[in-house]
Each structure stands twice: as structure tokens, then as C-alpha cells.
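Enquirer: First the structure, which I've put down as C-alpha cells, then a few questions once you've had a look.
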Amino acid sequence: MKKVYVIIINYKSKDVIQNALKSLNENNLDLHIIILDNESTNESYRNLKSFNDRKVEVIRSEKNLGFAGGYNKVFKYIQQTYNDNEYMFLFNPDATATENLIGNLLDILLLNNNVAAISPRIMTMDNVEWFTGAVIDWKHCVIPNIPKIVNTNEIRKIDVFNGCAVLLDSRKFDKVGMFDNELFLYYDEAFLSMRFLNKGYKILYEPNLKAFHHISYSVSNTVKNYYLTRNHIYFFKKYKGEYRPLICPYKIPLVKVIYYIKHFSPKNIYFILLAIWHVAIGRKGML
């Protein structure tokens, strides 16, 4: 029986994570679930510890590592503690999976030796499409979750997986250098996806398998704007595709600034401009 490590970075309540855990029903897999408590309160950690059993393990970080650093920490923990880490399933604490989702994704991955990651179709809790395979629009410097593709019912290659629910080949993840710890939040999947693609690996999207995501945010809108802006610019400055317009990485941030000027939101304007400044001076990591 194949073993898969499921990694959940905690930023939600115990009840929310409980729904995620209950949805992981796999008939032909040995799942080992690891929840990283990412510098939350002591009370939150104690609540999570009640999940500890043979199949669920809770570990803690005394420092907020963000998503990229959190996943890297758990990966290193698995490598140091166990010797059977071939596959990892990254799963949001506010997501739920359909039955045998991981096993079905693994079956596809096993048939494709050069695949590093595979994501399912991801729906909102209202059954609205949220992720149908990201394909980078290099000309306009955007990574749409829902690309304009006619046939959406066949497995296909994509540019960027979605970290809400994705199965990774652990050996390929290790080989490309894992996530970039300096990103902290947002665009971590995009940078890792480019590492995979540049090594010649493939990323797949399987539209016939589904996960569901309760759309919510664990950070304020202003701070979210900061990380999205900063890492967006870093990404499109580093990876230019076939287009090389100098202003392209700054288009979306500048549009946002205009939007917040019209709606008189000086705090959001400040954080976007701060992000642009931090790119100029090369600052990364946690704000």
C-alpha cells in the first residue's frame, strides 16, 4: 500500500481543520497527516494536539514561517524522521476533498514518470469553479486561476499548480530546492512551478477530480496586497517568458493604486507602494 504524507499548515480553528481531516477518505492509501502549528497561540496548539494519533501528527514552529517556509520545515522534518517520503499532498486547512482524491491523483502521477505535481479542479463551497489549471499569460503578466481553454475535461499540462490541494513527487520537490523561504506568502506555487518546469518536469491538472475550498483570508487585505504585489513583481521580473516589456510586472500594482485612490484607501496605497519600494531595494521575507 502506497504511503502519502498530507501536510496542513494551520491558520484556522480546530473545527475547520476537523472538516478537512474528515474529508480525507482513501481506500487504498496509507495516509500520514502532519499539521504544522505555525506560531499560533498556546491554546490553539493544545487544541490541535488532541488530533495526535497514529495517523495524525502535530508539530509546532515557534516562528511564523509563512506557507513556503512552513512546508519546507515539515518536509525536512519528514526527511529526518522517516525514510519513506515519496509523495506529499499539500492541503489547505479550509479545504475538503472528494473520496479517494489523493489515490486517484497518485494513479495518474505513477503513469507519468516526469510529472512533479498534479492538481485537481478546485471549487468553492458554492460549487463555483475557482481553479481550473493556471496557465501564465506572459504578455499581460498575470496567472489566472481559470484560463480560457475550450476543452476543460481532459488531463492537461499547466504552468502553475494550486497549493490548496496538490500532490507532489517528494524527490523532485527536493531536487529543485523546495519552496523559496524568502517569499513568505503568495506566489510560492508559481516560483516552485517554474523550478519544476525549468528542470524539465511536468505539472498536470485533472479536471475530473475535485476538491472544495472555503474562500477566506488569514491576513488583512492591506498585508495581503503587500505580499501579492511584492512577489508578483519579483516573479515577472525573474521569469519573463517570450515577452520582455519593462513595465509589465508593475501593471497590476499600478492599476490597484489607481483603484484605491478612487476609493480613498490610503492604507492599501501605502502597502502597495511599500512593496514596490522593497522590490527596488531587494527586500524579501516577512514584513
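Enquirer: May I ask you to list pairs of residues, at least six apart or on different chains, whose Cβ atoms are under 8 Å apart, with the first in region 125-150 being within 28 Å of Asp94 (Cα to Cα) and the second being part of a loop (DSSP other than H, G, I, E, B) and small (Gly, Ala, Ser)?
Expert: Ile136/Gly241; Pro147/Gly133; Ile149/Gly133
Enquirer: Only residues that are part of a loop (DSSP other than H, G, I, E, B) and either of a type outside the set (D, E, K, R) or in contact with a helix residue (DSSP H, G or I) (Cβ under 8 Å, 6 or more places away or on another chain) (or both): list them for region 119-130, please.
Expert: Met125, Asn127, Val128
Enquirer: Those residues that are of a type in the set (A, V, I, L, M) and either at pLDDT 95 or above or under 16 Å from Lys139 (Cα atoms) (or both), I need them from region 256-287; list them, please.
Expert: Listed by number, the residues that qualify are Val257, Ile258, Ile261, Ile269, Ile272, Leu273, Leu274, Ala275, Ile276, Val279, Ala280, Ile281.
Enquirer: Also: What about Gly200, is it out of contact with any Lys or Arg (no Cβ under 9 Å at 6 or more places or on another chain), assigned by TED's automatic domain parsing to the domain that holds Phe75 and at positive phi?
Expert: Numbers: out of contact with any Lys or Arg (no Cβ under 9 Å at 6 or more places or on another chain): yes; assigned by TED's automatic domain parsing to the domain that holds Phe75: yes; at positive phi: yes.
Yes.
Enquirer: So which residues in region 131-165 are closer than 24 Å to Ala20 by Cα and either in the same structural domain as His232 (by TED's automatic domain parsing) or outside any loop (DSSP other than H, G, I, E, B) (or both)?
Expert: Phe131, Ala134, Val160, Ala165, listed by residue number.
Enquirer: For region 204-212, does any single residue satisfy the condition of being surrounded by fewer than 16 Cβ atoms within 10 Å (Cβ to Cβ), polar (S, T, N, Q) and modelled with pLDDT of 95 or more?
Expert: Scanning region 204-212, I find at least one residue that is surrounded by fewer than 16 Cβ atoms within 10 Å (Cβ to Cβ), polar (S, T, N, Q) and modelled with pLDDT of 95 or more, so the answer is yes.
Quick grid of which residues meet (1) more than 14 Å from Leu31 (Cα to Cα); (2) at pLDDT below 95; (3) part of a helix (DSSP H, G or I):
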position	(1), (2), (3)
Asp53	no, yes, no
Lys63	yes, yes, no
Phe67	yes, yes, yes
Tyr71	yes, no, yes
Phe75	yes, no, yes
Ile78	no, no, yes
Phe89	no, no, no
Pro93	yes, yes, no
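Enquirer: Name the pairs whose Cβ atoms lie under 7 Å apart, with the first residue in region 210-222 and over 21 Å from Ser119 (Cβ atoms), the second in a strand (DSSP E or B) and modelled with pLDDT under 90, and 6 or more positions between them or separate chains?
Expert: That search, which allows pairs on different chains as well, returns nothing.
Enquirer: Check Ile215, Ile203 and return the single one that is closer than 21 Å to Phe184 by Cα and under 21 Å from the mean Cα position of the chain (by Cα). Full working, then the answer.
Expert: Values: Ile203 fails: closer than 21 Å to Phe184 by Cα.
The unique qualifying residue is Ile215.
Enquirer: On the basis of being part of a loop (DSSP other than H, G, I, E, B), under 27 Å from Glu242 (Cα atoms) and aromatic (Phe, Trp, Tyr), does Phe173 make the cut?
Expert: Against the criterion (part of a loop (DSSP other than H, G, I, E, B), under 27 Å from Glu242 (Cα atoms) and aromatic (Phe, Trp, Tyr)), Phe173 does not qualify.
The values are calculated or read from the model by the stated rules, or taken from the named source; none is laboratory data. Model, not experiment: these values are computed from the prediction. Note that we place each Cβ from the backbone using ideal geometry, even for glycine, and neighbour counts take in every protein chain shown.
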